[in-house]
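As structure tokens, the structure follows; a few thoughts come after it.
The values are calculated or read from the model by the stated rules, or taken from the named source; none is laboratory data. Since the structure is predicted, the reported quantities are computational estimates derived from the model, not experimental observations. Don't worry about glycine lacking a Cβ; one is built from the backbone with ideal geometry, like all the others, and counts go over all protein chains shown. Heavy atoms of the whole protein, side chains included, go into the accessibility calculation; ligands, DNA and RNA do not. Shrake-Rupley method; radii C 1.70, N 1.55, O 1.52, S 1.80 Å.
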Amino acid sequence: GLGDVYKRQGRGYATEALEGALVWASTRWKRRALMAGHFADNPASGRVLEKAGFLYTGETRPAFSRARGESADTRMMVWLA
């Protein structure tokens, strides 16, 4: 249930999943760079991206948040293989 989701928070599952996706993207898709972003008011997502090797570009742009039903500031990041 939802309680289990909260208990798993902070255990590295998101970082591990993202690292696996980056390996897949670089080997299967032959991607050398990827762009990502996280909502400015969600720094935990930024930490996950940083742990996987993403760097901030210095750009913040609005992006639609389905959960909010409106745009929110998004901090852009880049990953280079």
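Scanning the range 33-70 for residues that are charged (D, E, K, R) and in contact with a Ser or Thr (Cβ under 7 Å, 6 or more places away or on another chain), we see that the one that is least open to solvent (accessible area, probe 1.4 Å) is R61.
Considering each residue of the range 29-73, count those that are part of a strand (DSSP E or B) and β-branched (V, I, T), and give that number. So that I can check it myself, show each step before the final result.
From the range 29-73, those part of a strand (DSSP E or B) are 33-39, 55-65, 70-73; that's our starting set.
After this cut, where a residue has to be β-branched (V, I, T) as well, the list is 57, 60.
Within the range 29-73, residues that are part of a strand (DSSP E or B) and β-branched (V, I, T) number 2.
Restricting attention to the range 33-51, the residues that are within 17 Å of L80 (Cβ to Cβ) and out of contact with any strand residue (DSSP E or B) (no Cβ under 7 Å at 6 or more places or on another chain) total 2.
The single condition among (1) farther than 23 Å from G12 by Cβ; (2) surrounded by fewer than 14 Cβ atoms within 10 Å (Cβ to Cβ) that T74 does not satisfy is (2).
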